[in-house]
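The values are calculated or read from the model by the stated rules, or taken from the named source; none is laboratory data. Keep in mind that what you see is a predicted model, and the values were worked out from it rather than measured. The accessibility values were calculated without ligands, DNA or RNA, using every heavy atom of the protein model including side chains. Shrake-Rupley method; radii C 1.70, N 1.55, O 1.52, S 1.80 Å.
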Amino acid sequence: MVAKAKLFGGMGKPCLVKTASFSTEPLKTCPWAGECKTYCYGCKGNFRKYWRSMLRVWQRNFEALLAGDFVERSVAELLARRSLKALRWNREGDTFNRAYRDKVIEVARRTPQVQHYLYTKSVKLWKSAGTLPTNLTVIYSLGGRQDGMIDLTRDRHARIFEDRRSAERHGYCICDTDETAWRTATNKIGLIAH
């Protein structure tokens, strides 16, 4: 029997804490994408350079997500990686339906030692989820077709800025490292355009 591939990869950049990620194909799995389609980082830079190999990973992850054993596989892999502190869902792609959302929630519930977090434009889907585990942080990303549902004063959200000065002028905390978004006390996450 051939062993199944790992579900969770690295972040592709240095992180302050040991962080893994799970991704699906950008745009294809982003039902609520809006203006962000024009500047999606998952379609640029090294992602574009290594598109064929990335596409294989994204497709493999998508197929694993649809399989009946996804939650069990995820939990087993996370428990085996004892030094892992955080998991970013949707590094590329988005939560495209309720079944995916519910699997993320269940994996988070069953792995309380890992901080789970995600950026999403599927605002309505996540707002209808009810009470989330305390180790799961949802960050709504502006630039999608459900931006009007984001309460900019209460909801943790991310906005893309051209430069650091613009973000700070608008009162956003700059996230130099990805995991800062779930560790910071503010709800206003500023990201600098790639």
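Straight-distance candidates among the aspartates and glutamates for linking to LYS188, with alpha-carbon spacing under 19 Å and chain neighbours fewer than 8 residues away dropped: ASP147, ASP151, ASP155, GLU162, ASP163, GLU168, ASP176, ASP178, GLU179. Partner aspartates and glutamates whose Cα lies under 19 Å from the Cα of LYS6, excluding those fewer than 8 positions away in the same chain, are identified as GLU25, GLU63, ASP69, GLU72, GLU77, GLU92, GLU106.
Does region 113-191 classify as rounded, prolate or oblate by the C-alpha gyration tensor (a ≥ b ≥ c root eigenvalues; a/c under 1.5 gives rounded; else a/b over b/c gives prolate, otherwise oblate)? Intermediate results must be reported in sequence, preceding the final value.
Details: a/c = 2.13, a/b = 1.28, b/c = 1.66.
Oblate.
Projected onto their three principal axes, the Cα atoms of region 90-156 cover extents of 32, 24, 21 Å, largest first. Protein heavy-atom surface of region 51-194, 1.4 angstrom probe: 50% of the accessible area is carbon and sulfur, with nucleic acids and ligands not counted.
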